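**Q** Can you keep this structure in mind? I'll have questions shortly.
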Amino acid sequence: MFKYNLNLRSTIDYSLRNFGDQDIVYRGERLKLKEFFEGVSRLAYSLIKLGVKKGETVAVLDWDSLLYLEAYYAVPMIGAVLHTVNIRYPLETIFYTMINAEDKFAIVGEDFTNIAEKGSKIMNNIRYWILMNGKNSQIENSISYDSLLKIAEIFNFSEIDENERATIFYTSGTTGFPKGVTFTHRKLVLHAISLALSLMKSPVNLSQDDVFLGLVPFFHAHSWVFPYTAIMLGNKLVLPGRYDMKIVLDLIKKEGVTIMYMVPSVLYMLISYPDIESYLDSIKGLKVIVGGS
């Protein structure tokens, strides 16, 4: 009897069949869902060529970027574990979680090269630092992301058991050291499905025409799993990168964003933007999901 696995590959297969021409927007970059999944495939191929093995943990330190979203899929789909590193921690806590998670590889956004340089001097568990801005890096065991992609090919993903570990992240606001929390493929998919159903049946009244933009960091509980849900349902997804409220408001206006999600402090930053009145027409009717208060 065929066992249907609730894994991230199954959600990709569904999305490609039904929504391959939907847009994903990262600031000035726009690509179709099918093009995004080609990027996922190339990243997966590159990681395997670099030596990532099943069950090993790959850390990511970045803002909410296109590369981060690719890693959301590429790392778990090759059987590895994605560690979404909380970049808001103090340095010593960041390094503690990376050691505790037994990270073997680290993908580092261009704004975080300095963290990688400091971490490479005290952590011997990282075999490779993959740097978006690695041209002048002093880290011996580093490789630039661009050079890694030069060897990339389209990768054919094999089936993965739904009970395999997919991600790990660490708590904040708790006593003592942060605690590691792991998710399997099955947990992620069920979470994404349950979120989709709740959005459809709630006052949000989710439809195919809704456009998502989140201000919950990718490192924080999978951005409340909204990115997985948006891609699974074929909704347009807008990525803000580093949170700059003018850029966010411009994206809302340009891309027709209809659904946002954030904590109250970030919502306050948004509505307190000095020139907010010039954006009133574009944010009228915007549906905002707020949590964590």
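The values are calculated or read from the model by the stated rules, or taken from the named source; none is laboratory data. Since we're looking at a predicted model, the values are computed, not measured. Neighbour counts are summed over all protein chains in view; Cβ atoms, including those assigned to glycine, are modelled from backbone coordinates with ideal geometry. Please note that ligands, DNA and RNA were not included when accessible areas were found on the heavy atoms of the full protein model with its side chains. Shrake-Rupley method; radii C 1.70, N 1.55, O 1.52, S 1.80 Å.
**Q** What pairs can you find where one residue is in the range 110-134 and acidic (Asp, Glu), the other is open to solvent by less than 20 Å² (accessible area, probe 1.4 Å), and their Cβ atoms are less than 7 Å apart, with a gap of 6+ or different chains?
**A** Glu117/Ile139
**Q** I've got another one for you. If I filter the range 102-112 for residues that are open to solvent by 10 Å² or more (accessible area, probe 1.4 Å) and in a loop (DSSP other than H, G, I, E, B), do I get at least one hit?
**A** Yes, some residue in the range 102-112 is open to solvent by 10 Å² or more (accessible area, probe 1.4 Å) and in a loop (DSSP other than H, G, I, E, B).
**Q** Quick check on my filter: what residues within the range 65-94 are open to solvent by 10 Å² or more (accessible area, probe 1.4 Å), assigned to a helix (DSSP H, G or I) and not hydrophobic (A, V, I, L, M, F, W, C)?
**A** Matches in the range 65-94: Glu70, Glu92, Thr93.
**Q** Here is a follow-up. Being open to solvent by less than 90 Å² (accessible area, probe 1.4 Å) and of a type in the set (Phe, Trp, Tyr) is the filter here; which residues of the range 133-178 pass it?
**A** Listed by number, the residues that qualify are Tyr145, Phe155, Phe157, Phe169, Tyr170.
Residue-wise test of (1) β-branched (Val, Ile, Thr); (2) modelled with pLDDT of 95 or more; (3) more than 19 Å from Met132 (Cα to Cα); (4) in contact with a strand residue (DSSP E or B) (Cβ under 7 Å, 6 or more places away or on another chain).
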| position | (1), (2), (3), (4) |
| --- | --- |
| Lys3 | no, no, yes, no |
| Asp13 | no, no, yes, no |
| Phe36 | no, yes, no, yes |
| Ala44 | no, yes, no, no |
| Phe95 | no, yes, yes, no |
| Ile107 | yes, yes, no, yes |
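**Q** List pairs: first in the range 203-231 and more than 17 Å from Leu66 (Cα to Cα), second open to solvent by less than 20 Å² (accessible area, probe 1.4 Å) and in a helix (DSSP H, G or I), Cβ under 6 Å, 6+ apart or cross-chain?
**A** Between residues of the range 203-231 that are more than 17 Å from Leu66 (Cα to Cα) and residues that are open to solvent by less than 20 Å² (accessible area, probe 1.4 Å) and in a helix (DSSP H, G or I), the close pairs are Leu206/Leu199.
**Q** From the list Leu91, Leu50, Leu43, which one is among the hydrophobic types (A, V, I, L, M, F, W, C), over 27 Å from Thr174 (Cα atoms) and more than 19 Å from the chain's Cα centre (by Cα)?
**A** Leu50
**Q** Another question, if that's okay. Please pick out the residue among Ser202, Ser194, Ser223 that is under 24 Å from Gly173 (Cα atoms) and either among the hydroxyl-bearing types (Ser, Thr, Tyr) or more than 20 Å from the chain's Cα centre (by Cα) (or both).
**A** Step by step, each of Ser202, Ser194, Ser223 is checked, and only Ser223 is under 24 Å from Gly173 (Cα atoms) and either among the hydroxyl-bearing types (Ser, Thr, Tyr) or more than 20 Å from the chain's Cα centre (by Cα) (or both).
Residue-by-condition table, conditions (1) closer than 22 Å to Tyr89 by Cβ; (2) touching a strand residue (DSSP E or B) at 6+ places or on another chain (Cβ under 8 Å); (3) in a loop (DSSP other than H, G, I, E, B):
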| position | (1), (2), (3) |
| --- | --- |
| Ser120 | yes, yes, no |
| Ile126 | yes, yes, yes |
| Ile130 | yes, yes, no |
| Ala152 | no, no, yes |
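**Q** Test Asn163 against the stated conditions and say whether it is at pLDDT 95 or above and under 24 Å from Ala74 (Cβ atoms).
**A** Yes; evaluated as a whole, the condition is true for this residue.
**Q** Among the candidates Ala106, Ala101, Ala116, single out the residue that is in contact with a His (Cβ under 7 Å, 6 or more places away or on another chain) and among the small types (Gly, Ala, Ser).
**A** Exactly one residue qualifies, and that residue is Ala101.
**Q** I've got another one for you. In the set Leu199, Leu190, Leu237, Leu195, which member is in a strand (DSSP E or B), hydrophobic (A, V, I, L, M, F, W, C) and surrounded by 14 or more Cβ atoms within 10 Å (Cβ to Cβ)?
**A** Leu237
**Q** Taking the range 1-24 as the region of interest, how many residues are aliphatic (A, V, I, L, M) and outside any helix (DSSP H, G or I)?
**A** 3
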